[in-house]
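Everything below concerns the one structure shown next.
The values are calculated or read from the model by the stated rules, or taken from the named source; none is laboratory data. Remember, predicted model here, so these are calculated numbers, not experimental data. No Cβ is skipped: glycine too gets one built from the backbone with ideal geometry, and neighbour counts run over all protein chains shown. The area values use the complete protein model at the heavy-atom level, side chains included, leaving out ligands, DNA and RNA. Shrake-Rupley method; radii C 1.70, N 1.55, O 1.52, S 1.80 Å.
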Amino acid sequence: MVESVRPSAGCGRVPVKRVAGDRLEVTADVFADGHDRVAAALRVKHEGWGRWREVPMEPLGNDRWAARVELDALGRWRYVVRGWVDRFATWRDELERRVAGGQDVKVELLVGAQLVDEAAANAPQAVAQRLRVRAERLLSAGRSTDPADLGGALDEELASVMAIHGVRPHPCESPELELWVEPLLARFSAWYELFPRSLGAPDEHGTLRDVEAELPRIAEMGFDILYLPPVHPIGRTARKGRNNTEAAEPGDVGSPWAIGAAEGGHQAVLPELGTLDDVSCLASACREHGIELALDLAFQCSPDHPWVTEHPTWFRHRPDGSIRYAENPPKRYQDIYPLDFESEDWDELWNGLLGVVRFWIERGVTVFRVDNPHTKPFAFWEWMIGEIKRERPDVVFLSEAFTRPRVMERLAKIGFTQSYTYFAWRTAKWELIQYLTELTQTEVAEYMRPSFWPNTPDILTEQLQIGTRATFAARLVLAATMTASYGIYGPAFELMERRPLRAGSEEYLDSEKYQLRDWAAGPDGTLAPLITSVNRARRDHPALQRNDTLRFHSVDNDMLIAYSKSDPDAGDTVLVVVNLDPNYTQSGWIDLDVDALGIDPSSPIQLVDLLGGDTYIWSGARNYVELRPSDCPAHVFHLRRYLRTEHDFEYFA
């Protein structure tokens, strides 16, 4: 029997996800009736291989087996656990006990010779020759009158060869499971979002060339991905004015998400921003700075989009013949026509949208932030992402779906690389612990990679509206250290913009979605130095580049939250403590989970604050901490353990 294979997601129907360089660690329960010895192997196959590869599994005890394999290629993998009764291991085990009991084993040696000879019949030529020699030795020992002659039956070398080449009668296999291996960027990335049109001189439209001028500063802050909202021509019909008013004034630039005009649609660039060549140049310039360029993928059209006249069946029509614009009552989006993914020409539409993605990939874009994917069919995304991943397994898709949990999870299951989350609205300590435990310690972690964003152009939470500089600083540290991927709507967060459109709204006043903005530092200055320190810590410490080792530590003050991450292979451990109160100093006693940290409570540990540079010495599991929001509301500690060498030299490492 082969049961309980892990990792597995969705009862084996959903691919689990890893990144290149990871080790896939597989466990399974493998057992049989009776007293026979069993063996097990992990079989793996990358989509580019011609045959399966096999890795022997090691027993963990109590019928549990484990194996690991290095994931050295991007793309789809399959894996399966095979188990069988190991006739030779069973025979060898019984032989040992017979010999220990002083029994005559001559007949048993003849049985062993037969087993070895059967293995030789199916082994490669070089191995077969060695096995035939061993079989002859066993036959000779079985016919010998010397009771001490076992013919090398219990040699470890013979056992090792037979474990690989022994006959496997009636093997049993688990169902095949699927694995997607993606680039490291899929798990670990820091996103910076900006609107190119706001980078020009005051009251002048910025360009993609202006974005290139910003790259050194963005790279210096330590971001991996630069994300731009749609760069396409913007419709003029029903164009929205400043602050989302329904009547645009002369000179209003409209919403970038109202895609399409006489200048073109999803495969064109707004002339005020530049040209297609400028996009390619920007993607190349980003890579020179160690950054990937991400574009917005918004599958919707303005009334002026060429598709409206070229493919009218791609849209839903009212009984009067007019096309239905987008609505989310009471909100109305008269400047946007949704596409009808179930139209009579759905296959032509789907292939057209696939062509859009391929078009931008050809111009150097391999990261896409997908707008509102939950309003399009699951089947479309599963097909489209699958087609792209077959061609380019390095492409990353971020799902912008602030919707119900099961819907968000389904999008991750069918192929989205990363997912926006509810982090923006999780503010209390208990909420954060509950939510992060779900994201990192349950089956969800096998297929859904969270990306924490404290703000977006659509989301200015009440916490930020009424907050202080310390509020923004704390949310930055939480987002960047709780998960391996995070992002900020850059200028607005960096400069701590917190003016809402109106009371009770999460929209920004003078939103950049509808107008040009001249960003300048206010009385609070800029968070750029803190952002730079946080991103440096993320890059320098492998512990912050993963989610699976996140553990929370008890603090006797609900305004303080403490958690750690570790990377056993790198010997790296980071402990984070954040003051959730932006107004007052908070202090408390932390009870460290010494097992999670891998520390000896009887020895001191050194903590180096990666944000401020201060160094502390803690002893034991219970320690005191105090954080003043006026200074910095967080500690990001690198833990260094106390060591004593063989020469009695004491140090921390």
Of the residues Ala163, Ala219, Pro229, the Cα lying farthest along the dipole of the range 143-289 towards its positive end, which is defined by charges on the beta carbon of Lys, Arg, Asp and Glu, belongs to Pro229
Among trypsin sites (Lys or Arg not before Pro) in the range 471-554, those in a DSSP loop whose Cβ has at most 14 other Cβ atoms within 10 Å are Arg502
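What is the chain's relative contact order, in percent, from Cα pairs under 8 angstrom and six or more apart in sequence?
Numbers: 1358 pairs, mean separation 64.7, N = 653.
Reported as a whole number, the value is 10 percent.
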Given Cβ charges of +1 for Lys and Arg and -1 for Asp and Glu, the option among Thr483, Gln441, Val555 whose Cα lies farthest towards the positive end of the dipole of the range 436-594 is Thr483
Listed by chain and number, the aspartates and glutamates with an alpha carbon less than 18 angstrom from that of Lys106, same-chain partners under 8 positions apart left out, are Asp93, Glu94, Glu96, Asp117, Glu136, Asp146, Asp149, Asp155
Using a 1.4 Å probe on heavy atoms of the protein chains only, the accessible area for Arg92 in Å², nearest 10, reads 30 Å²
So, over other residues within a Cβ distance under 10 Å of Arg134, counting Lys, Arg +1 and Asp, Glu -1, the net charge is -1
Of all DSSP beta bridges with both partners in the chain, the antiparallel percent, nearest 5, is 70 percent
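Largest first, what is the accessible-area ranking of Arg449, Arg137, Arg641 with a 1.4 Å probe? Don't skip to the answer; put the middle values down first.
Numbers: Arg449 25, Arg137 110, Arg641 60 Å².
Result, largest first: Arg137, Arg641, Arg449.
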The size of the Cβ-based charge dipole (Lys, Arg +1; Asp, Glu -1) of the chain about the Cα centre, to the nearest 20 debye, is 680 debye
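So what's the projected area for the range 79-216, the Cα convex hull averaged over all directions, in nm²? Please list the in-between numbers first.
Values: hull surface 65.1 nm².
If you wrap the Cα atoms of the range 79-216 in a convex hull and average its projections, you get 16.3 nm².
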Given pairs Lys413/Lys513; Lys376/Lys513; Lys331/Lys376; Lys429/Lys565; Lys240/Lys376; Lys389/Lys513 and cut-off 26 Å on Cα-Cα distance, the over-length ones are Lys413/Lys513; Lys389/Lys513
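Please report the net charge: other residues with Cβ closer than 13 Å to the Cβ of Glu438, K and R +1, D and E -1. Spell out each step's value before the answer.
On the way: positive: Arg406, Arg426; negative: Glu409, Glu431, Glu443, Glu446.
Taking every Cβ under 13 Å from that of Glu438, the sum is -2.
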With the range 53-113 reduced to its Cα atoms and the Debye formula applied, log10 I(q)/I(0) at q = 0.19 1/Å amounts to -0.85
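Loop only per DSSP, at most 15 neighbouring Cβ atoms within 10 Å: give me the chymotrypsin sites (Phe, Trp or Tyr not before Pro) in the range 558-625, ordered by residue number.
Numbers: sites: Tyr563, Tyr584, Trp589, Tyr616, Trp618, Tyr624; in loops: Tyr584.
Counting only loop positions with at most 15 other Cβ atoms within 10 Å, the chymotrypsin sites (Phe, Trp or Tyr not before Pro) in the range 558-625 are Tyr584.
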Tilt, helix 469-482 to longest principal axis of the chain (alpha-carbon atoms), in degrees rounded to tens, equals 30 degrees
Taking Cα atoms only, helix 125-143 is inclined relative to the longest principal axis of the chain by an angle, in degrees rounded to 10, of 30 degrees
Note to self: with every protein chain in place and a 1.4 Å probe, the chain gives an accessible area per residue in Å² of 44 Å²
All alpha-carbon distances of the range 277-401, grouped into 5 Å bins from 0, give the whole-percent distribution 2, 9, 18, 21, 18, 14, 9, 5, 2, 0, 0
A correct Stokes-Einstein calculation for the chain, using the alpha-carbon Kirkwood radius, 4 °C and 1.567 mPa s, returns a whole-number D in µm² s⁻¹ of 45 µm²/s
Its Cα gyration tensor gives the range 379-530 an equivalent ellipsoid whose semi-axes in whole Å, largest first, are 30, 19, 14
Computed, not fitted: 222 nm per-residue ellipticity of the chain from DSSP H runs ≥ 4 (each -39500 (n - 2.57)), nearest 500, equal to -8500 deg cm²/dmol
Excluding ligands, DNA and RNA, the carbon-plus-sulfur percentage of the accessible area of the range 598-637 with a 1.4 Å probe reads 47 percent
